[in-house]
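Okay, so here's the structure we're looking at.
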């Protein structure tokens, strides 16, 4: 063990800001990160043990005790549950002989819950030792456990029915499907790497920024910040060392576009980063990818190697003196909040993924306190196409305030879940028709941090000025119990994913879940509903978007589906709290004295 | 306005459930304003006058402490039935307070520590008895803040709430004037 730890830390030159990489690699070698391992890592890096401990404890894919030779992480997202997740989970438990959260007695496999793994179009899905097993059924779960018992390797368990497109690439070999239902003109049009970069190197950096600005490219992560402005801030920020980050930490439940883009268009993403680097004057880029997509690692590394060989990355890119830029890949370890750009930077520095106070903004002081641009995967693709085809072309698509296209991730109750690249300005109804959805009760637009809307709002259009979305579009059928099947799942998700830094978020995500469970159990009161709405105001004081939107699933459904709440409220005497149950509350005492 | 302007005296009841009576002591800390208070209110069920059961309907109930046993629940329920406005005052009533420190420990372990294994009882309870008798209250599985048992209209925070806060709140309730809490009355550090 000693040797492994020292060899791995040496690989990262003993740099404590590379702690995430170090921990991921050591866990790969040793299976888990025990207190002894943590102490040893701290010793080798020369940092306090608690600094290692806090990072290990923050990310849920870091294991502090063995998680079995096969660690099964079964997705617990809303859509997974729509498609029979409970039955799959039960089959796993019976076959494994252990419950979720445990490892089987023989140490063969462990069963764990995990939040949305970016496979909402092929649920229920699980990650087993980092490999994706989509569209599980109880039969498949039993067969997987039987295969493990029979001594199969993870590759043998996977079989060879690889997915479409690059999912079958020899370095990917994933069972994942792309499900690209509609190819739009930006991300999924024909594309040859290098042409945009050649155009860019013939321009000045100011001209590149001007082009992106005149195309009105806005951040595709959901917030919609003007990309050209962000680049300009970073370009003007003092300092010689600047960084370009690509945020591929898509953790918003129901989102999976970055997975498909990184599978089919990684060159475009990297070229977009290089263009940003040219505009900003950065010489290093980091693609931060969520741990769930680690099965793409070897493939992405090879794409980078090819780009280097083509001189589209590296030194003197395109023969241009002074244009040096290279990209490394940083994996997360399971934390939704790291999709927030300052938390993502903290994580890339080897720390807990806690959002920073702003100002200063990352464009002034970001990664390692240097000016840093953080752009979404899709944003960078847009920049490439703007360079290739011009701002005018881009501006012809979309709406007044939302130019260009958007990659939507459609999932839930429809016949055609998958990726739809459409112009901004499509109505919800249009998307529902494209996805062949019927009997729709509601649509969750923009994931849990967005809004849950009903049929009277299906005429609204997807655009920053109306319904903004980072891509998640979950269709909820007539037969679903929205409170139990959707809202409660989201409430639990936010409670779990709160980093705990801001008190309102830490406390109220927990309290909201308790109150919601009470309402679902028929013991809620009108006051409870009013209380949930009132808490939204307090939540606005949280530092980051996660905290500010964590009650959105609840308050948007109270607003749009109030009768669903009212139908469940207690009809009892309003002076007494319906959930208090005196006989139940004294049961422990009666049992203790009965046996005493 | 002067508190004395109130025309008829409001009826008030107070109780200490799973508390330490510190909140009641803080109420007495209003000092000479006690003279104003007795012009404003008439006490019904309260430890101050030792009235054990409600003899009439009350305007205001002041509750100190949370619920740690079924008798607390019974008293709190009576307060809710007989008081138009119910005020929880002090940390224990609002959050469970010190008694709620046991909430993370299973009740059986608490009882065994108290009656079987604790340093003052170990070896002195050969029959291993944990007290149970119809005359003594049953301990709840955990300590409940008042608002988890009955509807509470107002909350006065503090351990104890300052005398000034209690006074300001009572005056507001009696006169019907909105309470404008002074910062120093709920600044705790």
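Just so you know, all these numbers are worked out from the coordinates, no wet-lab data involved. Everything quoted here is computed from the prediction, not taken from an experiment. When we count neighbours, we look across all protein chains shown, and the Cβ atoms used for this are built from the backbone with ideal geometry, even at glycine.
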Which value in Å is the Kirkwood Rh of segment A:431-572 over different Cα pairs?
15.5
Three principal axis lengths of segment A:361-412 [C-alpha, angstrom, descending]
38, 36, 20
Once you average over the residues of B:76-87, how many Cβ atoms of partner chains fall within 10 Å of each Cβ?
1
In the protein assembly as shown the DSSP beta bridges are antiparallel at a rate, in percent to nearest 5, of 40
Given the options B:67, B:159, B:92, which has the most mean-square fluctuation in a GNM of chain B, springs set between C-alpha atoms less than 10 angstrom apart?
B:159
What are the radius of gyration and Dmax of segment A:483-566, computed over its Cα atoms and given in Å?
11.7, 35
Can you give me the relative contact order of chain A as a percent, contacts being Cα pairs under 8 Å and 6 or more apart?
13
Normalised contact order of segment A:1-110, rounded percent, pairs of Cα under 8 Å and 6 or more residues apart:
22
Arrange the following residues from fewest to most other Cβ atoms within 10 Å of their Cβ: A:424, A:535, A:393, A:231.
A:393, A:535, A:424, A:231
Using only the alpha-carbon atoms of segment A:405-480 as identical scatterers, what base-10 log of I(q)/I(0) does the Debye formula give at q = 0.14, 0.18, 0.19 Å⁻¹?
-0.34, -0.59, -0.66
For segment A:367-495, would you read off the P(r) tail past 22 Å as a percentage of all alpha carbon pairs?
43
Segment residue A:153-residue A:302, length gained on full extension (0.36 nm per residue, minus Cα span):
51.2 nm
If you average 1/r across every pair of different Cα atoms in segment A:6-110 and take the reciprocal, what Kirkwood value do you get, in Å?
15.3
What is the calculated FRET efficiency for residue A:7 to residue A:146, with r their C-beta to C-beta distance and R₀ = 25 Å, to the nearest 0.05?
0.10
Please pull out the direction-averaged projected area of segment A:124-270, using the convex hull of its alpha-carbon atoms, in nm² to one decimal place.
12.1
With each pseudo-label sitting 7 Å past Cα toward Cβ, what's the residue A:240-residue B:74 distance in nm, one decimal?
8.2
Taking the Cβ of each residue in A:293, B:183 as the centre, tally the other Cβ atoms inside 10 Å and list the residues starting with the fewest.
B:183, A:293
Along each principal axis of its Cα atoms, how long is segment A:90-192 end to end? Whole angstroms, biggest number first, please.
53, 26, 20
As a test of understanding, state the convex hull volume per residue of segment B:86-166 from its alpha carbons, in Å³.
132
Separation of the residue B:21 and residue A:139 label points, Cα + 7 Å toward Cβ, nm
7.4
Grab the alpha carbons of segment A:438-499, take their convex hull, and tell me the volume per residue in Å³.
84
Fraction in percent of alpha-carbon pairs per bin - 5 Å, segment A:2-58
4, 22, 40, 27, 7, 0
Once normalised by the length of segment A:182-395, the mean sequence separation of its alpha carbon contacts under 8 Å that are 6 or more apart gives a contact order in percent of 31
Calculate the translational D of segment A:269-374 in whole µm² s⁻¹ from Stokes-Einstein, where the hydrodynamic radius comes from the Kirkwood formula applied to all Cα pairs, the temperature is 25 °C and the viscosity 0.890 mPa s.
169
Averaged over peptide B:148-154, how many Cβ atoms belonging to another chain are found within 10 Å of each residue's Cβ?
3
For chain B the translational diffusion coefficient, Stokes-Einstein from a Kirkwood Rh over Cα pairs at 20 °C and viscosity 1.002 mPa s, in µm²/s, is roughly 120
In degrees, nearest ten, helix B:70-82 long axis to first principal axis of chain B (Cα):
20
Let me know the Kirkwood hydrodynamic radius for the protein assembly as shown, please, with Cα pairs as the basis and the value in Å to one decimal.
29.6
Number of partner chain Cβ atoms within 10 Å, mean per residue of A:571-580:
4
Given a Förster distance of 51 angstrom, what is the FRET efficiency for residue B:57 paired with residue A:39, based on the Cβ-Cβ distance and rounded to 0.05?
0.20
Fewest to most Cβ atoms within 10 Å: A:466, A:485 sort as A:485, A:466
